[in-house]
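Each reported figure results from applying straightforward, stated rules to the coordinates on display, with no laboratory input. Only a predicted model underlies this, so the values are computations on that prediction, with no experimental measurement involved. Neighbour counts are summed over all protein chains in view; Cβ atoms, including those assigned to glycine, are modelled from backbone coordinates with ideal geometry.
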Amino acid sequence: MAGLIHRSICVGQTARLSTRAGIYPGGRTSVAVVAAMSQSHASEKDVIVIGNGPIGSAVAKHVAEGGYSVLVVDGGNRLTSASDDMGRIVRPLDAEGRERWTRWNVESIEAFGDIETRSGVDFFQRCGSLACGTGAFVERPARLLEQNGVPHVRLESGADVTRRFPFLSVPATHVGVVDDVGGFVDPGAMIRAQN
């Protein structure tokens, strides 16, 4: 496992380490220390998570709550790539119409309130969500919302979408699905809530 960690971090890069067991909480260290620490303590950690973004912090939190010891290795204090802004759209509808993802989306959104309450950090703003496209694009995801008990409204034409959202210009052949469940997440706040 130590070799795997060492190869995933560039030479000369620093890494922030945190563990749910309290070793190296939020401290910064060099790659050499990461490699040495991972070799000497790898047997003491059940799970190593690479990345402390919204997904990595969620994985580490849930694994730790399951009773496992966790080491989180991250590249720095600044959010990067998909987490480098102040808002991520979160919606119950899976645009590809995958049943499992729709269920996971609904369960994730339902869990946000508990995470916010337990951490004292607000990160989710509920404002609803809209999926818009051709009937073929929207039909299966809309059916999965119904099967998962997510209240939603179907907008049967582009004109219906534009009436509901006058700031949008939508082709007449498009339809929409609107729910009041979705919203957006502040990735930085979400990470703080889970660390």
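In a reduced charge model with +1 at each Lys and Arg Cβ and -1 at each Asp and Glu Cβ, segment 81-156 shows a dipole moment near 180 debye about its Cα centre.
For segment 137-195, what class follows from the C-alpha gyration tensor (a ≥ b ≥ c being the square roots of its eigenvalues): rounded when a/c is under 1.5, otherwise prolate if a/b is larger than b/c, else oblate? Oblate, because a/c is 1.5 or more while a/b does not exceed b/c. Would you please state which residues of segment 104-133 a label at Ala172 would reach in this model, taking the label point 7 Å out along Cα→Cβ and a backbone N cut-off of under 20 Å? Under 20 Å, as judged by backbone N against the label point of Ala172, lie 132-133 of segment 104-133. With +1 on the Cβ of every Lys and Arg and -1 on the Cβ of every Asp and Glu, and nothing else charged, how large is the dipole of segment 54-195 about its Cα centre, in debye rounded to the nearest 20? It comes to approximately 120 debye.
When the charge dipole of segment 112-171 is built from unit charges on Cβ atoms (+1 for Lys and Arg, -1 for Asp and Glu) and taken about the Cα centre, the candidate among Pro171, Leu130, Val161 whose Cα reaches farthest toward its positive end is Pro171.
Estimated at 0.36 nm per residue, the fully extended path between Asp46 and Arg103 surpasses their Cα-Cα distance by 17.7 nm.
Over segment 76-186, the hull volume per residue, using the convex hull of the C-alpha atoms, is 126 Å³.
What spacing in nm lies between the two simple spin-label points modelled at Tyr68 and Glu110, each 7 Å away from Cα in the Cβ direction? Between Tyr68 and Glu110, the simple spin-label model gives 2.3 nm. Between Arg192 and Ala136, the modelled labels are 4.6 nm apart [label points 7 Å from Cα along Cα→Cβ].
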